[in-house]
Amino acid sequence: MITRVFSGIQPTGTLHIGNYFGAVRNWAAMQHDLECIICIVDYHAITIDVDPKTLRQASLNMAMDLIASGIDPEKTILFVQSDVPEHTELAWILGCVTSFGDLSRMTQFKDKSSREAFISSGLFTYPVLQAADILLYLADGVPVGEDQVQHLELSRRIARRFNSRFGETFPEPEPVVGKKGGRIMSLSDPTAKMSKSSGEAHYVGVMEAETSIRKKVRSAVTDMGLESGDAMSPGVANLFEILELSTEATGEADLVDTLRADFAAGTLMYSKLKDTVFEQLMEILRPIQQKRAKLEASGEVLELLRFGAEKAQTIAQDTIVQVRSVVGLGTANP
RNA sequence: AGGCCCGUAGCUCAGUUGGAAGAGCGUCCGACUCCAAAUCGGAAGGCCGGGGGUUCGAGCCCUCCCGGGCCUGCCA
């Protein structure tokens, strides 16, 4: 039985609808039944080149996006990672029970390092910090997408090795699967997951201006003309996916059925599909954008994050005291 | 600590004895499309890493600095 869930998200400055439908919305649903901890992972962000002038603001923006998207800072512990420096201490200690070979096998490192000119050792040990994030809170559940299962496996491995070496300390975190697959693909390249790093045309920002969103949806790749009865192309399937996820909340699910029937009959106009996707999407995004604007005007994020960091640190410090004790570190806690 | 190589458009790079800064990809606009993609047409985009020097003239030569890569060594 899972009781406490940890999630991290990088301070990329803004959320896109892939983040929203794939992760954030599930977190918002979970926070009513489970103890949720959501961390804006700025220590992770600095593993690749970042601009120090924008990092802090990116963290604050991400926090505001999350709250506007339904994360309730009263229910969920929401904070910025570096406000709780215990993360780094635990990462060091866990790094010492992590094998070099395990880290070398991480595919995401191989991926990212091949793209960077400067490869920091932090990029290499990133999964250790990720394990520390989870284990610091003794979280027993981690909402996880396809691409993160390998990292979670490593976290479990690290927890297991630590426990066997120093005594039962950490639960082995279980993957928590969201209720819906919710994997949204890039609009320009529907074979790749939606991400900000691929470029402007690839993603739709949750806080993006309506005119811009409309344009991006209209520009989505479809297909080169199908015979009726042909399988749906990845691009069209992706649009249907977005539509389905949107209408789930707007209560207009019959729109999807109608359009699907049109597709099956070979009479679907993609321009109509796109307009519908755009309209339904905006039904979801508009209230979020309004909430976000109010939040920004109020200037209360800093206070909310400080509140979150305090709650997080209370848990984190208990863990660190325990860890230092079983490992034999320091003189304060024999 | 020593040796070698690199830094030019958002990205990957070309740039001849020193003589008017370029290409591909990406971006923006247009044509074509039910809408898009692909394709075609057009446009924007640059402190040539930075300072100093040589020269009538420097992306190119000299020098120092900054940043990055590889190799060897030293310390922990």
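Just so it is clear, none of the values below were taken in a lab; they were calculated from the coordinates. All figures in this text were calculated on a predicted structure; none of them were measured in a lab. Note: ideal-geometry Cβ built from the backbone for every residue, glycine included; neighbour counts use all protein chains shown.
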Please compute the net charge surrounding A:VAL217, taking Lys and Arg as +1 and Asp and Glu as -1 over other residues with Cβ under 14 Å from its Cβ. -1
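What does the charge count near A:ILE77 come to, summing +1 for each Lys or Arg and -1 for each Asp or Glu among other residues with Cβ under 13 Å from its Cβ?
Numbers: positive: A:ARG4, A:LYS75, A:ARG306, A:LYS311; negative: A:GLU35, A:ASP72, A:GLU74, A:ASP83, A:ASP133, A:GLU310.
Result for the neighbourhood of A:ILE77: -2.
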Length-normalised contact order of chain A in % [C-alpha pairs under 8 Å, at least 6 apart]: 22 percent
Using only the alpha carbons of chain A, what is the convex hull's orientation-averaged projected area in square nanometres? 18.8 nm²
Of A:VAL128, A:ALA264, A:THR276, which is farthest along the charge dipole of chain A in the positive direction, counting Lys and Arg as +1 and Asp and Glu as -1 at C-beta? A:VAL128
Over chain A, what is the percentage of antiparallel beta bridges among all DSSP beta bridges, to the nearest 5? 10 percent
Note: A:ALA264 to A:THR107 extended length (0.36 nm per residue) minus current alpha-carbon separation gives 52.6 nm
Membrane-span-like helices (DSSP H runs, Cα span along own axis at least 15 Å, mean Kyte-Doolittle at least 1.0) in chain A -> A:121-136
Which of A:LYS112/A:LYS215; A:LYS274/A:LYS294; A:LYS75/A:LYS196; A:LYS196/A:LYS274; A:LYS216/A:LYS272; A:LYS193/A:LYS216 have a Cα-Cα distance over 19 Å? A:LYS112/A:LYS215; A:LYS274/A:LYS294; A:LYS75/A:LYS196; A:LYS196/A:LYS274
Roughly how compact is the stretch A:200-294, stated as its Cα Rg over 2.2 N^0.38 Å to two decimals? 1.11
For chain A, with +1 on Lys and Arg beta carbons and -1 on Asp and Glu, the positive-most of A:PRO173, A:VAL321, A:SER298 along the dipole: A:VAL321
